[in-house]
Amino acid sequence: SYEGSRPLRFWTTHVDPVAGSLNAMVDGSPSGTSRADAVTQTVTFTSGQAAVSAAYFDAGAIRLEVDADAGTPGVLEGASNGFVVRPAELVVSAVESLSGTANPAATTMAGPAFLTAGTPFRVQVIAVATNGAITPGFGLEAAPENVRVSSAALLAPAGGRNGSTGDVAGGATFSRTGPGTFSSSSVSFDEVGIIALNPAIADGDYLGTGSVPGRLSDGIGRFYPERFVLTDSTVTAACGDFTYLGQPQLSLSYRIEARNSLGAIVENYDASLISVASLAAVTRVAEDSDNGVDLSARLSTSVPLWARGVLNESTTTVNLARSSGADGPFDQLQLGVQLIDTLDGGTLAGLDMHPATSGDCSAGAGCVAQRIGAPTRARYGRLAVLPGVAPESEALSVPLQAQYFDGVGFRAHREDRCSLYSVASTALGAFTAELNPGETSVTGPAAPTALVDGEATTAAPLQLAAPGLGNAGTVEVTLDVPSWLEFDWRGAGVADPSGLQTFGTYRGSDRVVYWEEVDP
């Protein structure tokens, strides 16, 4: 017989947390906090039953209680069992640097920078109801609930690693900072890239009812290297302690590491993952005796690409090119590397060189490069075939001499113990007088032989066979040498060296008054 519209009063009892600030809604109207402040509302019964719609826009364990309005005959009251209402979801509501700079939410590795990899940043997470409002009771439970965040995905670069551990650091360091609001200033990501954070219940279970969904954040980053460090650098000359200008055999090795703020290598800094245009460029530089003359443009410039956070070069083919004319010597040649990071402005740690200036560049913070290895020597050289003489009945040892430009003229280069000569590199021509082709030939050495103290060794000379009596005359010997030992001998362009070799005595040219052998 309990039918029709009946005035009832509903109120909410907060079980956990007991200090809840919101009450349940019943059929769209707020319930009270107790019987005393419950508002009367009409509920329609049919045969003693009624259905109402309830909604709770907070989180926690509650009980819904009801009684009949005092104006209704008899005393009727009741209560639901206790039940738990979880937040609809957890949301990353703010991300900023510790100084207050908002996350730029870059979408590509060429986008705006946020922080250096490994630097802590601030994250705020809120618990919300289905209507998007914050649930103020979340975190006030008898055993307070908390949140954590994890790096759910590496958005960029594709194929990179999602941090060294596959996650952010400090993801579980949150504390409640307001109603339904949690903050941490200890979250960090130790790799280069852009990530998305996923918030979750810290222990994975809200008041025994399971997890709470987390809304995946927008992109966080771009994170970039904190510094670049040069290590393990060496420079080795091509021949003893010198290299000829134009000789592509100068060896160097060095390693540059892209590091995070913790000092670890950021492996996502890789040309296979990130466009080369978004990576720091490295070039070689050079100067001599800190004289302010930049020799960098004369260096070969091929440099390897970044791989797993490291630019590692080890080569034996560096070339300091010759100029159009003889110059040098460069006896305090210092090589270095310059890093240019157009995207983030990063530089090498410990800059100590500026090839275009002299003096201490660090005094005015003007250094742009870092030295690699110890100073070496580079010299403009040539290999001369000097005149030689022998009786036609004896073999002739062709005089060879390495020479270098000393700033004024050419002089003997006694330190050359590397340049080679052999039968195969020698040609004969311009026979004169009684000496004809086929009457002499180059007989040694068969194997390529190195100079000794800048000259052909007496143990294995460049030798011409004796042509025999009656075959006096001259022959021009031309030696095929590498380009760095060629010279403009006759003013007609750079060429291989040649020299006149004489067997016996003969009248010679009427145009020659006096022959003199000069030691250069």
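For Arg86, the criteria (1) open to solvent by 40 Å² or more (accessible area, probe 1.4 Å); (2) free of Cβ contacts under 8 Å to residues at least 24 places away in the same chain; (3) not β-branched (Val, Ile, Thr) hold in every case but one, which is (2). Residue pairs whose Cβ atoms lie under 7 Å apart, separated by 6 or more positions or on different chains, with the first residue in region 109-130 and in contact (Cβ under 8 Å) with a residue 24 or more places away in the chain and crowded, with 21+ Cβ neighbours inside 10 Å and the second outside any loop (DSSP other than H, G, I, E, B) and among the basic types (Lys, Arg), are Met109/Arg222; Phe114/Arg222. Screening region 435-494 for strands (runs of 3 or more DSSP E) wholly inside it with 3 or more residues that are modelled with pLDDT of 95 or more returns the ranges 462-464, 473-479. Is it the case that region 412-429 has a residue that's under 26 Å from Val293 (Cβ atoms) and open to solvent by 50 Å² or more (accessible area, probe 1.4 Å)? The answer is yes, given that some residue of region 412-429 is under 26 Å from Val293 (Cβ atoms) and open to solvent by 50 Å² or more (accessible area, probe 1.4 Å). Hey, any hits in region 74-83 for a residue that's under 23 Å from Leu22 (Cβ atoms), among the aliphatic types (A, V, I, L, M) and open to solvent by less than 50 Å² (accessible area, probe 1.4 Å)? Looking for residues that are under 23 Å from Leu22 (Cβ atoms), among the aliphatic types (A, V, I, L, M) and open to solvent by less than 50 Å² (accessible area, probe 1.4 Å), one finds none in region 74-83, hence no.
Filtered by the rule that a residue be open to solvent by 70 Å² or more (accessible area, probe 1.4 Å) and among the small types (Gly, Ala, Ser), region 131-142 gives a lone residue, Ala142. Taking each residue of region 444-456 that is surrounded by 14 or more Cβ atoms within 10 Å (Cβ to Cβ) and looking for partners that are charged (D, E, K, R) and not in a strand (DSSP E or B) with beta-carbon atoms closer than 8 Å, six or more apart or interchain, yields Ala450/Arg417; Leu451/Asp416; Leu451/Arg417; Val452/Arg417; Gly454/Arg414; Gly454/Glu415; Gly454/Asp416; Gly454/Arg417.
Those strands (runs of 3 or more DSSP E) of region 308-391 in which at least 1 residues are surrounded by 15 or more Cβ atoms within 10 Å (Cβ to Cβ) and of a type in the set (S, T, N, Q), considering only elements entirely within it, cover 310-318, 330-340, 370-379. Put simply, of Leu320, Leu295, Leu348 the only residue that is more than 19 Å from Gln247 (Cα to Cα), in contact (Cβ under 8 Å) with a residue 60 or more places away in the chain and either in contact with a strand residue (DSSP E or B) (Cβ under 9 Å, 6 or more places away or on another chain) or among the small types (Gly, Ala, Ser) (or both) is Leu348.
Set side by side, the residues Arg122, Arg161 differ, and just one is of a type in the set (Lys, Arg) and part of a strand (DSSP E or B), which is Arg122. The set of residues from region 253-298 being open to solvent by less than 20 Å² (accessible area, probe 1.4 Å), of a type in the set (A, V, I, L, M) and either modelled with pLDDT under 95 or not in a strand (DSSP E or B) (or both) comprises Val266, Ile274, Leu279, Ala280, Leu295. Summed over region 326-350, residues that are in contact with a helix residue (DSSP H, G or I) (Cβ under 7 Å, 6 or more places away or on another chain) and modelled with pLDDT under 95 total 0.
Hey, can you tell me all the residues within region 127-150 that are in a strand (DSSP E or B) and of a type in the set (D, E, K, R)?
Applying the first criterion (in a strand (DSSP E or B)) to region 127-150 yields 127-128, 134, 147-150.
Within region 127-150, Arg148 is the sole residue that qualifies.
Any idea how many residues of region 415-432 are in a loop (DSSP other than H, G, I, E, B) and under 27 Å from Arg379 (Cα atoms)?
Result for region 415-432: 6.
Of the numbered criteria (1) at pLDDT below 95; (2) touching a Phe, Trp or Tyr at 6+ places or on another chain (Cβ under 7 Å), the one Gly364 fails is (2).
Screening the candidates Thr426, Thr505 for the property of being modelled with pLDDT of 95 or more and either on the phi > 0 side of the Ramachandran plot or among the hydroxyl-bearing types (Ser, Thr, Tyr) (or both) yields one hit, Thr426.
The values are calculated or read from the model by the stated rules, or taken from the named source; none is laboratory data. Note that the structure is a prediction, hence the values are computed from the model and not measured. Reconstructed Cβ throughout: ideal geometry from the backbone, glycine too, with neighbour counts over all protein chains shown. The area values use the complete protein model at the heavy-atom level, side chains included, leaving out ligands, DNA and RNA. Shrake-Rupley method; radii C 1.70, N 1.55, O 1.52, S 1.80 Å.
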